[in-house]
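Values quoted throughout were computed directly from the atomic coordinates according to the rules given, and no laboratory measurement underlies them. None of the values given here were measured: they were computed from a predicted structure. Cβ: placed from backbone, ideal geometry, glycine included. Neighbour counts: every protein chain shown.
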Amino acid sequence: MKEGGVEVQGGYDLIHTLGDRNLRLKPNVKLHSQAETKDQYVVESYNGEQFFYCDADTVRLMRALDGHRSLKQVIDELQIDHHCYPELEKAISKFIKYGLLSGFEISQNKRKWWQSFKQPIAMKFPLFNPDAFLNHIYRFTGSIFNRFFIVLFISLLSLSIYQLPLQWESIQVHWQSRFFDPVNGILLVCAYVFLKALHEIAHGLVVKRYGGVVNECGIFMLVFLPLPYVDTSSSYAFPERRHRLLVGAAGMWVELIIAMSAFLAWQNSTPGYWADFLFNVVFVGSFSTLIFNLNPLMRFDGYYILSDYLGVFNLNARSREALGAVVKKFFFKLDTSIDWNISNTIKGWLIAYALCAAPYRLFIGLVIALYLSGKFFIFGILLALWLLLQILVFPIIRHTISVYQNARKEHQTIRFFMVVSVFIAAVFSTVFLLNFRFTDSQIAMVITPENQSVMTLESGVVVSLNFQSGQQVEKGQLLVQLENQELLLQLKNAQGLLDEYKSQYRLVGLNSISIAQSWQEKISIQQKEVELIQQRLDGLSLVAPANGEFVLSREQDLLGRYLPRGEVIAHVYKPEDVKVLAVVSEEQVRKLNSGVDSIEVKFNTNPYQAYKGSMLRIEPAAQNELPSRFLGSSAGGEVPVDSRDQTGLKSISPFFVVEIVVERDVEAYMPAMGTVRFSYKEMTLSNYVLADIYHNLIQSLH
């Protein structure tokens, strides 16, 4: 993760507060101009540890401050327009924040403590100065972005794109069977550390190539997830935009090179820990890199790349200002003449960015808040509340006060209160009054009663098939006829021996009662043997166990095929008896117990047809053994299973089984696997969130 300067917002009426102070820029503070525009500068602190952007008016002001004249006098002499005051105040607050102005200073220790307190779930821990280490590496590696590197990247990218569809099935199998193995978690951590270390080194090497310095590296804890960083803010002083873009893209570029190389190596590796490690490298270096690092909506590499590409410093803050200006103009009818020295196209980009980033960050913040409240008990709830205050409550209060002050100056207070009242009513109605329907979907499988399965009672060869799959049958009708020559021979031999015993019995007659009784006993035993063999032969005739729809598993090659004893070859489905099993988590069980409005079942054989279902029962105890391996990840299901279990039935996490009866109006279908969609009773957003927090609290207490 590329780490740059920190964006801050100036206080309101800062120029008025400091107007009488005689300020002066400290010696050795450098102001670098950007090659792309004359209106953008980079400020470098006297110790080379802080870099941030400012505009041309700020530079004029700082160069004019001499410590003899007050801030207000200098501004009046420079004839800076009042519309530039908001930007000017923010810039001055940064100079004060980093201790670059003489005449007004704040306690740095107090400021650092307050910054850490403000963001307890996003804390930065500097470790050491890596500049000497990077200098040593750079002497051996030189520039990593030479022609050979570019040719290598293009070659690997082309080969990987070609191989991806060919290996897609293997990727799915590995993902389902190995990725969620607990042992693989250790290998995933190793792959993450390996790639992210090279990622940050790549950032630093590109900074060194263009003459910059890297004075700090460390760990950035985001929701207790460690993310390494290097401070590449010295790249802000690079006059060429493409150099700054290369700094931002270097880490992802190197990760993609390694990921594509690992992908090609994984294809030719044998199953084992090495193959698992290579797959993890592919995952971390490709999917997670593109999803997180390239995402410009969060302050990762993609954010700085987009900022440099657009030539807009402090992209997040300025996009909010642009959106705020639109809101003030069209809703509050306030004057929003801000001289940003940017084109209308860039303003459009800023507004679009704000419209995407604001709801995205709010959503991420709410997800993190719910996660913290459920994982860390009281401490987590306090963190979640503080996070909500930081991302939602405090910004709303701050911007509301700002708009109100502007409305008072422009005599628009009545309109201000009208708009705010409508907004509050809309938010209150959405959160506390309007009901929403919440749903969950889970994979499910059909329960087939034993008396509806057509199973071979004896082994044999299929010689006749009296019904086609999908036809309606009645109980007792012959469906499939098997033949077993060995049984026929046994019956012939047993029947011949029985006939011989009967002949001997008739010859003896009544001449010898004892001998006659002996033959009679032999006849009785042999008669039972014949009857047993005949019963086994009768088992070769497979009849319908019930009325319903006859469904064959493999109709195309059934005739002439040898079937072992005990093999299920078909089912007879009765519409009134179709039931499905769904596997759900403890959280979903809580929602099911709170009330289900409707249940919808779809089968894979016809995913566009939905059937109404009703919940029959929920197993009261949690389980770890799946009712079928087809529900597990090793056989294409959604439940992660332990890959060390050969049966594919042992799940990694406990679950509950829900039994559902399917109600339908059509005649017949051929279900096997399907999806169950639970629609819970409608409730307000506030009730939904509070119920989730209450459940997490009770669970933490237990």
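Which residue, chosen from 266, 134, 280, occupies the Cα position most advanced towards the positive end of the dipole of the range 129-310, where the dipole is computed from +1 (Lys, Arg) and -1 (Asp, Glu) charges on Cβ about the Cα centre? Result: 134, furthest along the dipole toward the positive end. Of 378, 368, the sequence from fewest to most neighbouring Cβ atoms within 10 angstrom is 378, 368. Here the dipole of the chain is about 2520 debye; that uses its Cα centre as origin and unit charges on the Cβ of Lys and Arg (positive) and Asp and Glu (negative).
In what sequence do 247, 676, 661 fall when counting other Cβ within 10 Å, fewest first?
Values: 247 29, 676 23, 661 18.
Fewest-to-most ranking of 247, 676, 661: 661, 676, 247.
Between 146, 463, 161, the Cα set farthest toward the positive side of the dipole of the chain (charges on each charged residue's Cβ, about the Cα centre) is that of 146. For the residue pairs 612/650; 196/347; 26/409; 94/196; 26/124; 97/124, the C-alpha atoms sit more than 24 angstrom apart in 612/650; 196/347; 26/409; 94/196; 26/124.
Under a Cβ-only charge scheme (Lys and Arg +1, Asp and Glu -1), can you give me the dipole magnitude of the range 129-310 about the Cα centre, in debye to the nearest 20? Before the final figure, lay out each step's value.
Working: 10 positive and 11 negative charges, 87 e Å.
Using Cβ point charges on Lys, Arg, Asp and Glu, the range 129-310 gives about 420 debye.
Listing 20, 231 from fewest to most neighbouring C-beta atoms within 10 Å gives 20, 231.
Projecting the Cα atoms of 344, 80, 386 onto the dipole axis of the chain, where Lys and Arg carry +1 and Asp and Glu carry -1 at the beta carbon, places 80 farthest toward the positive end.
Could you tell me which GluC sites (Glu not before Pro) in the range 459-525 are loop residues by DSSP with no more than 13 other beta carbons within 10 angstrom of their beta carbon? Before the final figure, lay out each step's value.
Details: sites: 474, 483, 486, 500, 521; in loops: 474.
Those that pass, being in a loop and sparsely packed, are 474.
Sorting the segments 564-570, 283-289 by their mean number of nearby beta carbons within 10 angstrom, highest to lowest, gives 283-289, 564-570. Spatial offset of the range 280-335 relative to the range 526-541 amounts to 80 Å, using the alpha carbon center of each.
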